[in-house]
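Enquirer: Sharing a structure with you now.
The values are calculated or read from the model by the stated rules, or taken from the named source; none is laboratory data. Please read these numbers as outputs of a predicted model, since none were measured by experiment. A quick note on method: Cβ atoms are made from the backbone with ideal geometry, for glycine too, and the neighbour counts reach across all protein chains shown.
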Amino acid sequence: MFKKILIANRGEIACRVMKTAKKMGIQTVAVYSEADKDSMHVLLADEAVCIGPAPSKESYLVIDKIIDACKQTGAEAVHPGYGFLSENEEFSRRLEENGIIFIGPKHYSVAAMGDKIASKKLAIEAGVNTIPGYNAEIGDAAQAVSIAAGIGYPVMIKASAGGGGKGLRVAFNDKEAAEGFDACRNEARNSFGDDRVFIEKFVEGPHHIEIQIIADSFGNTIYLFERECSIQRRHQKVLEEAPSPFIDESIRRAMGEQAVALAKAVKYQSAGTVEFVVGSDKSFYFLEMNTRLQVEHPVTEMITGLDLVELMIRVAAGEKLPFAQEDLKINGWAIECRINAEDPFRGFLPSIGRLVKYRPPEVAEGQVRVDTGVFEGGEISMYYDSMIAKLICHGTTRDQAVSRLRDALNAFVIRGIDSNIPFQAALMQNPRFLSGLFTTSFIAEEFPNGFEASNVVHADPGLLAAVAAFGRRRYIDRAVQISDQMPGHQRKVGQDWVVQMEGKDYPVSVVAIPGGYSVTHGVDRYDLVSDWKFGELVFHGTCNGAPLCLQLERIGLLYRVVHFGKQVKATVMTANAARMLALMPKKVPPDLSKFLLSPMPGLLREVAVADGQQVAAGEKLAVIEAMKMENVLKAERDCKVKKVVAAPGESLSVDQVIIEFE
């Protein structure tokens, strides 16, 4: 067994690999960019080596720097994690040439299956059903449009070396094909150092289901069942589960056996994933093989009891798999939510900055798991992927897994940046998701106008008002205990209050009961019992005897309540104060319609207009790069440019002015 391994990655996956390595008694080496010098994976490693500036193409993607770090520290093997160099054939080969073990498949398998174009050709030769498409290299946008038109719209434009939603677009016409081709090439070049792109028919309404396999060097290849990955946004997975609620045992076996056959055809070793698109009639087609560990591997670990990272390390060390296909069975259900640094209410735009508060839910062995690579006080950088954690919950049934995930999301505290927790919480309440009847178009169909605050509707807003009143009353009860009050003039606390929340008044009566307060609103009564104290962010207690977990905090005169993804900021006051407040004038917000504001922090790559230029609705105005994704800003209406305020190459903050219109 290895004595020391290097993890050629960052963030939560680097921390995840280190956790298993330390369990196995293996020393770990971290590599890091200048932007990551204070990151969690650096702190967890036994040794750490700086490999260059923040941009990944100058650090995490430079093979020579990784090899030099191995030689410098004496690392015998390298685990690549996912992304970066994990599916780079040259990296695997160069490590082997330098006497360093690659904890993953051999370079010839990476070359055969890691390249999306080559893998599709091999699948066709092996008799595997594939989606119609053009698998040769495409030279320019004009050729891409011609090919797309020949296949028939809609088409999927995809980077050959892509993954994780990077370098991928769906086009429904010639214009989108041309723009999508250019965007895919740029993203692929920046993220993977390989700008080759291919095009295939986009199957509408599909299921995205993948098979996890593991193979050793003794000819043993085993499938570890499937993962349902159809909940996607912009072709990037948002939520994954295992097993799939869509397929049955016969389809599971057929897909698994086909995945195993494909892996054996390229003499595959280590963990890998074969992705399929599954039609409504349960017919399935090969999409690609990911020759690496997947982001969503924890759901497979939760239902099988296996540690995939440990298996990868043992296979790389020359050990034989300790089980056979017939030894495996599915145990319960597991669901994973990706917790990303992005604002779901602003089109999921990246959110960067400091994690002022970061309190993941409490881990419970076999029930709640959190894989993360950040800590409270840490910085979310603009240079890398937006994912900051993975929340995984397991249950005996799917319903139990969902219930545990709801509670865990309620207890997941993030402050300082925006996160997609409200969106994930909304999914956990969605009837269609709960039924298991969804496809890859689920998010587009359920949220056709994007995800908005109106999509997060709490079933009982009176409960939120009651909790705010609980917080206010606990504050007042503490305040009236101040010493040296004049006898006979102590403050008397009344029972009648008004909670103002989202433009609506909630008259409530608050009465102290043992351990809490009984709050009455109309005919509804909420007996809230909790030992919650000021400064705590998570409220654990009961409501009418039933367990209740939510977030409650006092911010100045406001009380923020967060439950099932719904966030409200409530003001709690006496009835007389509420009447006085109603007489106050309302502040008119400023008119910002004549400005193009940056919707996210990022790098201004391009300004497509000039001073005095007439612009038509839908015309490109600017391009912002953030977290390895290009975001095109377009005109919402016909207008004329008065002044271009920001210059290409400038680092933008949220709501910074880019263009002023007449």
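Enquirer: For the stretch 165-182, give me each residue that is in a helix (DSSP H, G or I) and under 17 Å from R233 (Cα atoms).
Expert: Within the stretch 165-182, G180 is the sole residue that qualifies.
Results for (1) closer than 24 Å to N290 by Cβ; (2) within 25 Å of the chain's Cα centre (by Cα), shown as yes or no for each residue.
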| site | (1), (2) |
| --- | --- |
| K22 | no, no |
| G25 | no, no |
| V31 | yes, yes |
| L43 | no, yes |
| S59 | yes, yes |
| I63 | yes, no |
| Q72 | no, no |
| E90 | yes, no |
| N98 | no, no |
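Enquirer: So which residues in the stretch 425-457 are in contact with a Lys or Arg (Cβ under 6 Å, 6 or more places away or on another chain) and either modelled with pLDDT under 90 or in the same structural domain as D343 (by TED's automatic domain parsing) (or both)?
Expert: Correct list: M428, F438, I443.
Enquirer: Can you confirm whether the stretch 554-566 contains a residue that is touching a Lys or Arg at 6+ places or on another chain (Cβ under 7 Å), part of a loop (DSSP other than H, G, I, E, B) and touching a residue at least 24 places away in the same chain (Cβ under 8 Å)?
Expert: Yes, some residue in the stretch 554-566 is touching a Lys or Arg at 6+ places or on another chain (Cβ under 7 Å), part of a loop (DSSP other than H, G, I, E, B) and touching a residue at least 24 places away in the same chain (Cβ under 8 Å).
Enquirer: Taking the stretch 602-618 as the region of interest, how many residues are assigned to a loop (DSSP other than H, G, I, E, B) and either closer than 16 Å to P55 by Cα or within 30 Å of the chain's Cα centre (by Cα) (or both)?
Expert: Selection size over the stretch 602-618: 1.
Enquirer: Suppose we keep only residues that are acidic (D, E) and part of a strand (DSSP E or B) within the stretch 214-237. Which one would you say is surrounded by the fewest Cβ atoms within 10 Å (Cβ to Cβ)?
Expert: The residue in question is E228.
Enquirer: Here is a follow-up. Determine whether the stretch 490-505 contains at least one residue that is free of Cβ contacts under 8 Å to residues at least 40 places away in the same chain, surrounded by fewer than 21 Cβ atoms within 10 Å (Cβ to Cβ) and over 25 Å from A582 (Cβ atoms).
Expert: Yes - at least one qualifying residue is present in the stretch 490-505.
Enquirer: Across the stretch 515-531, what is the total count of residues that are assigned to a loop (DSSP other than H, G, I, E, B) and either touching a Leu at 6+ places or on another chain (Cβ under 8 Å) or under 14 Å from R473 (Cβ atoms) (or both)?
Expert: Residues in the stretch 515-531 being assigned to a loop (DSSP other than H, G, I, E, B) and either touching a Leu at 6+ places or on another chain (Cβ under 8 Å) or under 14 Å from R473 (Cβ atoms) (or both): 1 in total.
Enquirer: Condition first: among the charged types (D, E, K, R), more than 18 Å from Y82 (Cα to Cα) and touching a residue at least 60 places away in the same chain (Cβ under 8 Å). Now tell me which residues in the stretch 21-44 satisfy that.
Expert: The answer is K23, D38.
Enquirer: Taking the criterion of being free of Cβ contacts under 8 Å to residues at least 12 places away in the same chain, outside the structural domain of E379 (by TED's automatic domain parsing) and under 21 Å from F102 (Cβ atoms), would at least one residue in the stretch 45-60 satisfy it?
Expert: no
Enquirer: Working only within the stretch 103-148, note down all residues that are in contact (Cβ under 8 Å) with a residue 40 or more places away in the chain, over 16 Å from R196 (Cβ atoms) and over 32 Å from the mean Cα position of the chain (by Cα).
Expert: Of everything in the stretch 103-148, just one residue is in contact (Cβ under 8 Å) with a residue 40 or more places away in the chain, over 16 Å from R196 (Cβ atoms) and over 32 Å from the mean Cα position of the chain (by Cα), namely A126.
Enquirer: With respect to the numbered conditions (1) under 14 Å from the mean Cα position of the chain (by Cα); (2) aliphatic (A, V, I, L, M); (3) at pLDDT 90 or above, which one is the sole condition not fulfilled by L349?
Expert: Among (1) under 14 Å from the mean Cα position of the chain (by Cα); (2) aliphatic (A, V, I, L, M); (3) at pLDDT 90 or above, the lone unmet condition for L349 is (3).
Enquirer: Taking the stretch 193-232 on its own, how many of its residues are of a type outside the set (G, A, S), farther than 26 Å from S441 by Cα and free of Cβ contacts under 8 Å to residues at least 60 places away in the same chain?
Expert: 3
Enquirer: Follow-up. If F534 satisfies all but one of (1) in contact with a helix residue (DSSP H, G or I) (Cβ under 9 Å, 6 or more places away or on another chain); (2) within 30 Å of M580 (Cα to Cα); (3) in a strand (DSSP E or B); (4) not polar (S, T, N, Q), what's the number of the condition it fails?
Expert: Evaluating F534 over (1) in contact with a helix residue (DSSP H, G or I) (Cβ under 9 Å, 6 or more places away or on another chain); (2) within 30 Å of M580 (Cα to Cα); (3) in a strand (DSSP E or B); (4) not polar (S, T, N, Q) leaves (3) as the failure.
Enquirer: Just one of V197, V155, V145, V170 is outside the structural domain of A265 (by TED's automatic domain parsing), among the aliphatic types (A, V, I, L, M) and closer than 28 Å to A265 by Cα; which is it?
Expert: V197
Enquirer: Can you find, within the stretch 36-77, the residue that is surrounded by the most Cβ atoms within 10 Å (Cβ to Cβ) among those that are outside any loop (DSSP other than H, G, I, E, B) and among the β-branched types (V, I, T)?
Expert: I66
Enquirer: Hey, among A512, A570, which residue is surrounded by 15 or more Cβ atoms within 10 Å (Cβ to Cβ) and either part of a helix (DSSP H, G or I) or not assigned by TED's automatic domain parsing to the domain that holds Q656 (or both)?
Expert: The unique qualifying residue is A570.
Enquirer: Tally time: how many residues in the stretch 78-90 are hydrophobic (A, V, I, L, M, F, W, C) and either surrounded by fewer than 24 Cβ atoms within 10 Å (Cβ to Cβ) or in a loop (DSSP other than H, G, I, E, B) (or both)?
Expert: Qualifying residue count, the stretch 78-90: 2.
Enquirer: Would you mind telling me which numbered condition in (1) at pLDDT 90 or above; (2) among the polar types (S, T, N, Q); (3) buried (at least 17 other Cβ atoms within 10 Å of the Cβ) Q143 fails?
Expert: Among (1) at pLDDT 90 or above; (2) among the polar types (S, T, N, Q); (3) buried (at least 17 other Cβ atoms within 10 Å of the Cβ), Q143 violates only (3).
Enquirer: Tell me which residues, restricted to the stretch 293-331, are among the acidic types (D, E) and under 14 Å from I13 (Cα atoms).
Expert: If the condition is that a residue be among the acidic types (D, E) and under 14 Å from I13 (Cα atoms), then E296, D307, E310 are the ones that fit.
Enquirer: State which residue is surrounded by the fewest Cβ atoms within 10 Å (Cβ to Cβ) when the search covers only the stretch 276-287 and only residues that are under 25 Å from the mean Cα position of the chain (by Cα) and more than 14 Å from F225 (Cβ to Cβ).
Expert: Out of the qualifying residues, it is V277.
Enquirer: Looking only at the stretch 238-261, count how many residues are crowded, with 23+ Cβ neighbours inside 10 Å and β-branched (V, I, T).
Expert: Selection size over the stretch 238-261: 0.
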